[in-house]
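**Student:** Sharing a structure below in structure tokens format, with a few things to ask.
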Amino acid sequence: MVFADELASQRTTATQEAVVMVSIIADALNTDEAISGAYWDSRLILRQLMVINALERLVIRDIKKGANLFKTRCLQCHTLKEGEGNKIGPNLHGLFGRKSGQVEGFAYTDANKSKGVEWKEDTLFDYLENPKKYIPGTKMAFGGLKKPKDRNDLITYLREETK
């Protein structure tokens, strides 16, 4: 029964996210404006990029796959629960809404402290693709997750487990 409730909740969330993404795509494709020349070309390119970005994120998220990704790719360096302490990487409890470089007792690089990014789904999505590119100078020894689906699954798991 718990699994069925979790699945129903995931479907509801995925449906809500799909509605938002469709709205973003529709807005991006709305070319009824009277624009011309190079400005029109740059607007069209920007809109196409917005559509691609929205489509990358429009995937059904799998919390169990996210849990497995965390276990195999993150657990050796990070903890999730309040009070578990830091490992090689910082404890991730309370991750969402926190700014980079803010976990007490963890020795961050200056790059992490000065980045000042707020961890949300979109910033984590970009960061997890290539941490060293997102925060040059970070000491995080993780090559990233290249597949958007993997990043979304991991973020879904982290959102639940770091509350």
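**Student:** State all residues of segment 124-157 that are in contact (Cβ under 8 Å) with a residue 40 or more places away in the chain, surrounded by 18 or more Cβ atoms within 10 Å (Cβ to Cβ) and either aromatic (Phe, Trp, Tyr) or in a loop (DSSP other than H, G, I, E, B) (or both); if no residue qualifies, say none.
**Tutor:** Matches in segment 124-157: Phe125, Met140, Leu145, Tyr157.
**Student:** Given the structure, is Gly116 modelled with pLDDT under 95, touching a strand residue (DSSP E or B) at 6+ places or on another chain (Cβ under 9 Å), under 28 Å from Thr138 (Cβ atoms) and of a type outside the set (Asp, Glu)?
**Tutor:** Answer is yes for this residue.
**Student:** Given the options Glu161, Glu121, name the one that is surrounded by 14 or more Cβ atoms within 10 Å (Cβ to Cβ) and under 17 Å from Thr79 (Cα atoms).
**Tutor:** Result of the check over Glu161, Glu121: Glu161.
**Student:** Also: Is there any pair with a first residue in segment 70-85 that is surrounded by 13 or more Cβ atoms within 10 Å (Cβ to Cβ) and a second that is of a type in the set (S, T, N, Q) and not in a helix (DSSP H, G or I) whose Cβ atoms are under 6 Å apart and which are 6 or more apart or on different chains, and what are they?
**Tutor:** Thr79/Asn91; Leu80/Thr162
**Student:** May I ask you to list the residues in segment 107-123 that are assigned to a loop (DSSP other than H, G, I, E, B) and touching a helix residue (DSSP H, G or I) at 6+ places or on another chain (Cβ under 9 Å)?
**Tutor:** Hits for segment 107-123 are Val117, Trp119.
**Student:** Now, a different point. Would you please name the residue that is nearest to Lys113 (Cα to Cα), looking only at residues in segment 86-95 that are touching a Phe, Trp or Tyr at 6+ places or on another chain (Cβ under 7 Å) and buried (at least 18 other Cβ atoms within 10 Å of the Cβ)?
**Tutor:** This residue is Pro90.
The values are calculated or read from the model by the stated rules, or taken from the named source; none is laboratory data. Keep in mind the model is a prediction, meaning the values are calculated, not measured. Because the Cβ atoms are built from the backbone with ideal geometry, glycine has one as well, and the counts that use them run over all protein chains shown.
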